[in-house]
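The values are calculated or read from the model by the stated rules, or taken from the named source; none is laboratory data. None of the values given here were measured: they were computed from a predicted structure. Here the Cβ positions follow ideal geometry from the backbone for every residue, glycine too, while neighbour counts run over all protein chains shown. Accessible surface is based on the protein model in full, side chains and every heavy atom, while ligands, DNA and RNA are left aside. Shrake-Rupley method; radii C 1.70, N 1.55, O 1.52, S 1.80 Å.
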Amino acid sequence: MTNKSISIRDVTLHRLVMRLKDPFTTSFGTFQEKEFFVIEMEDDTGCIGFGESVAFSSPWYSEETVETNKHIIEKFLIPLLLESPIEHPDEVSKRFESIKRNNMAKSALEGAVWDLFAKRNKLPLYKALGGEKQQIDVGISIGIQPTAKALVHVVEGFVNEGYKRMKVKIKPGADYEMLKEVRKHFPDVLLMADANSAYTLKDINTLKKLDELGLMMIEQPLAHDDIIDHAKLQSELETPICLDESIHSLEDARKAVELGSCKIINIKIGRVGGITESKKIHDYCAQQEIAVWCGGMLEAGIGRAHNIALTTLPQFILPGDTAGSSRYWDRDIIDPEVTVDKGVIHVPNKPGIGYEVNREVLESFRLDKTVYSQKNLVTYKQ
Ligand SMILES: O=C(O)CCC(=O)c1ccccc1C(=O)O
Ligand SMILES: [Mg+2]
């Protein structure tokens, strides 16, 4: 690897809006459009790295939004990044340490630095991360459907496409009975549920009934900021609990594991503030024998490519939510699009994220673009 440090010349924020093929319903709301930023970062050698912001337009999943991402990226993070050269992408999270939380904003920029770093070193991103898998197993996340019959039909379609694990969104009133129908039709399918914090400990009887269905896990049944009640619930449930919303860092992961709040962790790069923190959580979980898998935020191709690279690390032993491009979009912004073959994605071996950004397609979805360089920095000082 070259020891030459990375001097970032400019950062471009492309604001895009893309329409999902089908609306996606969770316990907290329905998504139809995805607005986000593509981060394009150029260094002084003309090498370009890409990142993608994953926050949604509304603060339903977490407190960050597209607008707060822009504010934090533009006013605070880019100035820190352009302050001095970077030796290694692992330094980026340290450099952002003075800015509290805003993990998705941080991660969008850090992802671009990782891609740039890998490209400069002519390495596929997954190898730059220390990953080894040439192919990764993928599952699919299925939104809440109006009826059990509709759900069974959707599951059948994805089983036939070869996806390795079915994750079904649930909420009170759309849980046990619906999953029971799915289990009846597909007795052997790997099945799990994601509640996105729709329950409290008062619902313990409903949650206990889910034990009958042989689920791989139940994801984030209780509050987004809780690990105490999850520990109480886990001690009463046979089904393993997987935490998503509650885990923002290695420290959060350690505390949840020590308390017994979960047996599995869903790692989302954006939620934990980047690939470096994701790797730390991965390494800790490997040591603790806690299985991890890579979650999704309805990403377009760039974010998806980062997820694929991360998933090549060995402790990602369960299928992730990184489905193929065609599950979400009529046309993704990368070439080739991400394809799933019998439930696996073959990891690309080209340098960096391993997929080309298609400029024409990107521009067709673009609302606006802002370029930041040393010359036009907007800095907020105390
Ligand atoms: O297919 C994907 O990208 C994952 C979809 C998904 O489950 C999800 C989508 C939007 C917000 C939260 C979640 C989640 O994992 O909880
Ligand atoms: Mg989830």
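Show the residue pairs meeting these rules: Cβ distance below 9 Å; 6+ apart or different chains; first residue within the range 224-242 and closer than 20 Å to residue 176 by Cβ and open to solvent by less than 50 Å² (accessible area, probe 1.4 Å); second residue in a helix (DSSP H, G or I) and β-branched (Val, Ile, Thr).
From residues that are closer than 20 Å to residue 176 by Cβ and open to solvent by less than 50 Å² (accessible area, probe 1.4 Å), the pairs are 233/204; 237/204.
So, in the range 118-140, how many residues would count as being touching a Pro at 6+ places or on another chain (Cβ under 7 Å) and assigned to a helix (DSSP H, G or I)?
Adding up the residues that qualify gives 2.
Having 1 or more residues that are open to solvent by less than 10 Å² (accessible area, probe 1.4 Å) and in contact with a strand residue (DSSP E or B) (Cβ under 6 Å, 6 or more places away or on another chain) is the bar; report the helices (runs of 4 or more DSSP H) wholly within the range 248-313 that clear it.
Values: elements: 250-259, 269-272, 275-288, 301-311.
Per the criteria, 250-259, 275-288, 301-311.
Tell me, which strands (runs of 3 or more DSSP E) lie completely within the range 1-117 with 1 or more residues that are open to solvent by 30 Å² or more (accessible area, probe 1.4 Å), within 16 Å of ligand 1 (Cβ to nearest atom) and touching a strand residue (DSSP E or B) at 6+ places or on another chain (Cβ under 9 Å)? Full working, then the answer.
Numbers: elements: 8-26, 29-43, 48-52.
Fully inside the range 1-117 and qualifying: 8-26, 29-43.
Determine the pairs where a residue that is within 16 Å of residue 312 (Cβ to Cβ), located within the range 332-344, has a partner that is among the hydrophobic types (A, V, I, L, M, F, W, C) and part of a loop (DSSP other than H, G, I, E, B) with Cβ atoms under 9 Å apart, the partner being 6 or more residues away or on another chain.
Every condition considered, the pairs that remain are 338/323; 340/323.
Could you please find all residues in the range 183-197 being surrounded by fewer than 22 Cβ atoms within 10 Å (Cβ to Cβ) and within 16 Å of ligand 1 (Cβ to nearest atom)? Spell out the reasoning first.
Filtering the range 183-197 for residues surrounded by fewer than 22 Cβ atoms within 10 Å (Cβ to Cβ) gives 183-191, 196.
190, 191, 196, listed by residue number.
Could you list, in sequence order, the residues of the range 270-293 that are within 16 Å of ligand 1 (Cβ to nearest atom), in contact (Cβ under 8 Å) with a residue 40 or more places away in the chain and more than 21 Å from residue 193 (Cα to Cα)?
Result: 270, 272.
Any chance the range 200-213 includes a residue that's within 16 Å of ligand 1 (Cβ to nearest atom) and either in a loop (DSSP other than H, G, I, E, B) or in contact (Cβ under 8 Å) with a residue 24 or more places away in the chain (or both)? If you could, list the steps in order and put the result at the bottom.
Narrowing the range 200-213 to residues within 16 Å of ligand 1 (Cβ to nearest atom): none.
No, every residue in the range 200-213 fails to be within 16 Å of ligand 1 (Cβ to nearest atom) and either in a loop (DSSP other than H, G, I, E, B) or in contact (Cβ under 8 Å) with a residue 24 or more places away in the chain (or both).
Tell me whether the range 132-145 contains one or more residues that are open to solvent by less than 10 Å² (accessible area, probe 1.4 Å), touching a residue at least 40 places away in the same chain (Cβ under 8 Å) and not assigned by TED's automatic domain parsing to the domain that holds residue 305.
No - not one qualifying residue is present in the range 132-145.
Please verify whether residue 334 is within 30 Å of residue 44 (Cβ to Cβ), away from ligand 2 (no atom under 16 Å from the Cβ) and not hydroxyl-bearing (Ser, Thr, Tyr), treating the condition exactly as stated. So that I can check it myself, show each step before the final result.
Working: within 30 Å of residue 44 (Cβ to Cβ): yes; away from ligand 2 (no atom under 16 Å from the Cβ): yes; not hydroxyl-bearing (Ser, Thr, Tyr): yes.
So residue 334 fits the description; yes.
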